[in-house]
Structure formats: C-alpha cells, structure tokens
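What follows is a short report on a single structure.
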Amino acid sequence: MSTGPIDYGTLSAGRECNYWRMDPTLRAAAERAYPNGEFEWANQILERFGHACGHGIADRSDRIDRHPPELHTYDADGEVANEVEYHPDQRENERVVYDEFRLTHDPFHAPPGRDEPASFTHALAMQALLSYCDIGFTCPASMTTGAAIVLDAADHDCEEYLDRLTSADIDEHIEGAMFLTEKQGGSDVGANEVRAEPADDGTYRLFGEKWFCSNIDAQGALALARTPDAPDGTAGLSLFLVPREIDGEVNDSLFRRLKDKLGTLSVPTGEIEFRGATGYLIGEEGDGFRLMAEMMNYERLTNATGAVGVIGRALLEAKVHAADRETFGKRLEEHPLMRRDLAELTVEYEGAATFSFEAARWYNEYKRRTESGNDTESDEDRAFKLMRLLVPVAKYRTARDSVGVASYCMEVLGGNGYVREHTTPRLLRDTQVLPIWEGASNVISLDVLRVLERERAHEALVPFVSELLAVDDDRLTALSAEIRESFEALQASLGTLATEDAEYAQYHAKELANLIYDVTTAALLLSRADDALAADDGSDPDARLALVAEAFVDEHLRADPSRAITSGSTICDEHFDALAQYASVDPGTLTGSILDARD
C-alpha cells in the first residue's frame, strides 16, 4: 500500500510519540533480520515497546542524566559497602524493560504466545529502540544478555545466576557485566594481570584491579583472570563469575571510584580492586578469552544496533525541528540545503540500519545452526564467516557515523541544540563512547584483518555480495553494474592485502573496513530495492528504496576527483518527500533506468 510522507510537524520534539511507528527504516531493517514467521509476533511487542520508550522511558532517561548514580564505597561505620545509589527513575526503567517487556528473558525462555525462545534479533531490535532513549541503559541490558549467552553455552555451577540473569521477575532479576580492562593492558587483553588463586571449596579468590568496569555493581559480572602457572597472553586467561555480594555480604573487593565520564552517565563505570573476591570458574581454565569472545560478538552487535537507535533519535529531533521552525519566510525543511542534509542523513541511516541488522541476521543464523547440530558443515561455516566479518565492520562504521550524525542533528537545532534542556547534547555525549566500547576503531579494523586471514571470511563474503547484485528489475541493472565495479575493486584490494606484509595490511585496515561496509551496504540496499519493486508480498511496487540505493552509491562509491559543481543531480531535493519523509514512489514516474532520475 502506498504511503504519504510523514508529517514531522505534528510533534514539538522527538518525544511523546511511538518510536517504532515513527521509524520505517528501523522497522524494515529489523523485519528482514527476523527468522521466518517471528516478526508477526514480535511486531506487536515492538509496537508497545516503541510507545513505552517514547512516552515514559525517554523522559525518565533525561532526568537520570541530570541525577546520575552515586557511589558509596563505605557505610557510616567505615565498613566497605560498595553501594551504588540510583535515581528512582532508573529502577522504573528497569522494571519496564526487564519485567514488562522481558528483554533479557525472551531469547532464553519461550515467551507468552510462543513455543520457543525469541531470536537474538528481537533483543537487538528492542535495544535499538531503547537506545533512542538512553544508550547508557542499553549497556547493562546488552551485557546481561551477553553474560547469559556465555553461561548458557559453558560448563559451570552457576545455574542460579543464569536463571536470575534471564528472569522476567524484577525482584529476582540481576544484571550482568564484563570486566576486561586493566590499567596496564587496555586493548591488549593478553597483558592482564588479575590473578585467581584456587580455594579449598572449589571456587577461586581473585586479586588485582580492573580499571574500566561498566555496570560496576552487577551481581552477574564476568571477569578474566590468570590462574597459577598459566601461560602468558590470552591463552592463560580464565573466566570467572564474580558477584558483588554473596549471601548478603560484600564479596571481597573495593569499588574505588566511579569514572567522571563525558556521557552514558546512567550506567556507573568505575574501578574495582579485588581483595580475594570469590569467583566461580566458567568453562575450563584457559578458556576465558574464547568464552569472552562469544560475549564480545554479541556486545559489538549491540554497539551497532545501539548506534542505529541513536541515529534514529537524532534524526527525529532534527526533522521535527526542521518541520516546525520558520526562517526567512518558510519552514526550515523547505530550504534546498536543509532538504539535501536531511535526505542524505536519512540515506546514511538506511545504510547503517540495513547493514547492522544484516549482521544481526547472520549472528542469529550462526547461533541457531551451531545449537541445532542438524546443519551441514558448509552452512555452519558460511554463517560463522559472515557473522565474524559483518559484526566488527558494523560496530566500527556505525559507531563512527553515529557521532557525525548526532553532531550535525544537534547543529540543526541551532543554539537550542547545544542546551541541555534539549536531548541532542546528551545524544552526542553518549554516542561518543560507541567508537570506544568493545574495541576502538583501530582494534576493530585489525580484527577485520584477522577474520579475513584466519577465518577466510572472504570465501563467504564474495558469493554473498554476488547474490545481492543479481537483481531482476531491469531498471536497477545499471546501478547494479556500477556497484559491481566497486565490488571488483574490493576483491582486488583483498588480493593485494593478502600478498603484502602485515604492516602494510595494518596501515590500510580501516580503509578496507570502510570499503567492505560501503560495497556490502550498497548491494544490500540494491537487493531491498529489487524486492520493493517486485512487491512479492502483495504490496504496491515502490521505488523509494531504489532512490535510497542510488543516493548511497552517489555518496560513497562514485569517484569525483574534480569536486567540481556541474549540472545534474539534485536527487535529495527532488525526492525529499521519499528519502527524508518516507513517501512511496510510483516506479512509473522513473522512466528507463533508475539512474535516469539523476538526469
């Protein structure tokens, strides 16, 4: 069914609305990532959750940012308490997310109306909506799921903790955390020095400090430590569950201080000194880094879908202001330069959401295939390779893009956008952490190189992109051929880096990650456009996504060495209603090739 443009002028700000309804980009990208049949069930929940986010969680998140958690290391008698005091709104947000909407429950237990657990795609879609409100709260929510993923896959004696991490009863529910970073190591996890000494009761005692612990007071925290006589590097690391309290008493540790952070103030991040804290071994000794990497895959994916949520909210704030604000005799959104900006930013958002949820689709596919044990080795291998490549690329690129989009959307609001009474300054402060969390940009780019070298991920990427480029609609043929040229350049780049030395490859690592993102995203948008024109689902054919693909290619894949301004394309102005406001486009209005829309 054809749709008209969204009238953002009906809102006065990006709140008191349903974020799921207001975001066709997120809805479409998430729907494609759900396993067959699940989206029909999930859509109803996401509809209600989008309302809860826009009509309650968002306002509470603003208040929490003004009243962030406070640490009370000692009680009135000078005894170690390690208590973190939260604003009451934080507890209400937790009740809504964990109890009412079962964010960390449904991927592990069958929710009402289903015979099996929901996919991880569902949790990621919910976290994208939550990130509209507070990327800080999304951090412990995602780490809780991540910790449960590890406990669900490994041998341990911590069933009670797994049950509570995934409980939908707020009185029983606990949050998870991931304590990796040490002062002397940073991104070099193999340099970690926290040690774990075996105790007579089968547990371990942890000694040493962790330097950057988000969700510091989590009762279900996982920490890496080195057992006696363990080898150097990551091979010597083991994984432990280290609760904040045991039987109502503080586990032997000291919360020294909370970090004075730029943003994500709702999640307390601090320094912990373990003084013989009891830890429960997860898996076998020496398995720590491998198990933590399983959690890291999910955390990096939530970083990407979190960036999607931030971009969506920032764009909503900008579009509402542009629709309401009058300058020089007409609305801001009617000025050609602003129309170009908002359309181009929406195209970037389409790309970020499409790529991130494609990575989510392959993560979910990988988890399903490895857990079922009924698939062929080649199917499992393809899912693993695509998951391992797409996840770090998604994390790297969407994190960087979210910072730029949040910054510019703040600028759209002018001076008001820089004032804390508005949400845009917090969005920028909060999203600045996304390039740092779960590995900074250089670390992630080097991981992309490792995946290509060790896992031979290109063997799955090349046929995957080739399939996407095989479109049926003749009007997309020219655009497909243009993307294919860049795809061939990507393959040539992969070949070059495979034959050069390691230092040369590292020098170009980020350039390669960007090229993988741009080519794959263009191919994904093209494939989506082909589906929309075919309208096999019974809807009316729609050329909007063809324009999105065209605009993305124009921005990212077309070389223009002269940078000269010549006559030709004003696609973002001519098709503003379609690109920025989601109006349907009758394919009959685009004669010949979609590329003709530029002429």
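Annotations for the structure displayed:
- Looking across segment 380-425 at every residue that is more than 30 Å from residue 454 (Cβ to Cβ) and among the polar types (S, T, N, Q), the one that is surrounded by the fewest Cβ atoms within 10 Å (Cβ to Cβ) is identified as 416.
- Residue match in segment 215-238 (condition: without any contact (Cβ under 8 Å) to a residue 40 or more places away in the chain and touching a strand residue (DSSP E or B) at 6+ places or on another chain (Cβ under 8 Å)): yes
- Qualifying positions in segment 365-387 - at pLDDT 95 or above and under 17 Å from residue 146 (Cα atoms): 387
- The set of residues in segment 51-68 that are crowded, with 20+ Cβ neighbours inside 10 Å and not aliphatic (A, V, I, L, M) comprises 53, 54, 60, 61, 65.
- Sole residue being part of a loop (DSSP other than H, G, I, E, B), on the phi < 0 side of the Ramachandran plot and not assigned by TED's automatic domain parsing to the domain that holds residue 511, chosen from 392, 463, 435, 425: 435
- Subset of segment 293-312 that is among the aliphatic types (A, V, I, L, M) and crowded, with 24+ Cβ neighbours inside 10 Å - its residue that is nearest to the chain's Cα centre (by Cα): 304
- Residues located in segment 69-101, provided they are closer than 30 Å to residue 35 by Cα and surrounded by fewer than 21 Cβ atoms within 10 Å (Cβ to Cβ): 94, 95, 96, 99, 100
- Filter pass, residue 285 being in a loop (DSSP other than H, G, I, E, B) and either at pLDDT 95 or above or more than 27 Å from residue 188 (Cβ to Cβ) (or both): yes
- Here residue 352 clears all of (1) modelled with pLDDT of 95 or more; (2) not in a helix (DSSP H, G or I) except the condition numbered (2).
- One residue stands out among those in segment 221-268 that are touching a helix residue (DSSP H, G or I) at 6+ places or on another chain (Cβ under 6 Å) and loosely packed, with under 15 Cβ neighbours inside 10 Å: the one that is modelled with the lowest pLDDT, which is 233.
- Scan of segment 25-50 for residues that are farther than 23 Å from residue 367 by Cα, surrounded by fewer than 17 Cβ atoms within 10 Å (Cβ to Cβ) and touching a residue at least 12 places away in the same chain (Cβ under 8 Å), ordered by number: 47, 48
- When 147, 128, 141, 153 are checked against the criterion of being modelled with pLDDT under 95, under 15 Å from residue 298 (Cα atoms) and of a type outside the set (Phe, Trp, Tyr), 153 stands alone in meeting it.
The values are calculated or read from the model by the stated rules, or taken from the named source; none is laboratory data. Since this is a predicted model, take the numbers as computed values, not measurements. Positions of Cβ are generated from backbone atoms using ideal geometry, with glycine treated the same way; all protein chains shown enter the neighbour counts.
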